[in-house]
Amino acid sequence: MKQSSVLSPQHFPDWTQIDDVLLDMDGTLLDRHFDNFFFEEELPRRYAMLHAIPFEEARDRLMAMYRSVEGELAWTDLNYWTKRVGLDVVAMHKELDHMIGFLPGAEEFLRHLRQLGKPVTIVTNAHSTGVSVKVSKTGLDRYVNRIVDAFEVGYLKMRPEYWPNCQRLLGFDPSRSLFMDDDEGCLMAAKAFGVAHLVHSAKSSSQLPPSPLPQFLSVAGFAPLLNGRSPA
């Protein structure tokens, strides 16, 4: 079986060949443990209480709901989920915001990109309501030039339609852009569009082991990305 690749010295980014840096938010910069806990544990628990059903049944129901809109904008729309499950999902995010935080090394990486003078755009599948809660908690916006949610583009990142729309919005050159994400489907769509420099975030949650992908350069942290050839 082919081993998943991890960035080695010859694979360090050549920043002289990169003009724009596009970064995913959840699972790449921010710890996905919050999202995993929220949608797989806390929301099912409260849904079970609301409907007086066992936790396992509640979780099964919600997982089926998630799958029914996977790949559609509704999948990440907190307002949609508030209406569908009958619980204030936005308020719950604010209530549990103490669990929201950066992955280890993410802030150092963002500061490094600023020192290199690279424009950084967050490209996230999240809805603006979720982005607002997480930005308010982490101050992520102070490190980047712009945050673009999927609703501004019109599609989620794993959809082929996303990337030409995103390019028209941001004006980046795919051949001179780096995109980093923890989701295989998003990386595959970016690759098909022609984004030249792709990095997989193999450790999306602080509470789970790394899950590298064999077809992409996978990193379980940011240290390898702090090296490489820098602009003169």
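No lab work stands behind these numbers, since they all come straight from the coordinates. Keep in mind that what you see is a predicted model, and the values were worked out from it rather than measured. Note that we place each Cβ from the backbone using ideal geometry, even for glycine, and neighbour counts take in every protein chain shown.
Taking the Cα atoms only, what angle lies between the long axis of helix 128-138 and the longest principal axis of the chain, rounded to 10 degrees?
For helix 128-138, the angle is close to 70 degrees.
Report, please, the projected area of the chain averaged over directions, based on the convex hull of its C-alpha atoms, in nm². It would help to have the intermediate numbers written out before the result.
Values: hull surface 51.7 nm².
Computing the convex hull of the Cα atoms and averaging its projections yields 12.9 nm².
Sorting Met25, Met49, Met188 on the 10 Å Cβ count, fewest up front, what's the list? Walk me through the numbers before you get to the answer.
On the way: Met25 23, Met49 12, Met188 17.
So the residues, fewest neighbours to most, are Met49, Met188, Met25.
For the pair Ser136 and Glu42, what calculated FRET efficiency results from E = 1/(1 + (r/R0)^6), where r is the Cβ-Cβ distance and R0 = 25 Å, to the nearest 0.05? All intermediate terms of the calculation are to be shown ahead of the outcome.
On the way: r = 19 Å, r/R0 = 0.77.
Working from the Cβ atoms, E equals 0.85.
Using the count of nearby Cβ atoms within 10 Å as a rough guide to exposure, how do Lys134, Lys94 rank from fewest to most? Walk me through the intermediate numbers first.
Details: Lys134 24, Lys94 14.
Result, fewest neighbours first: Lys94, Lys134.
What number, rounded to the nearest 500 deg cm²/dmol, is the helix-based mean residue ellipticity at 222 nm of the chain, given -39500 (n - 2.57) per DSSP H run of at least four residues and division by all its residues? The partial results should precede the final answer.
Details: 10 runs with 88 residues, N = 232.
Mean residue ellipticity at 222 nm (helix-derived): -10500 deg cm²/dmol.
Could you give the radius of gyration (one decimal) and Dmax (whole number) of the Cα atoms in the range 105-173, in Å?
Final numbers for Rg and Dmax: 12.8, 33 Å.
Less than 24 Å apart at the alpha-carbon level, and either on another chain or at least 8 residues along: which lysines does that give for Lys134?
Once the sequence-local lysines are set aside, what remains near Lys134 is Lys83, Lys94, Lys118, Lys157, Lys203.
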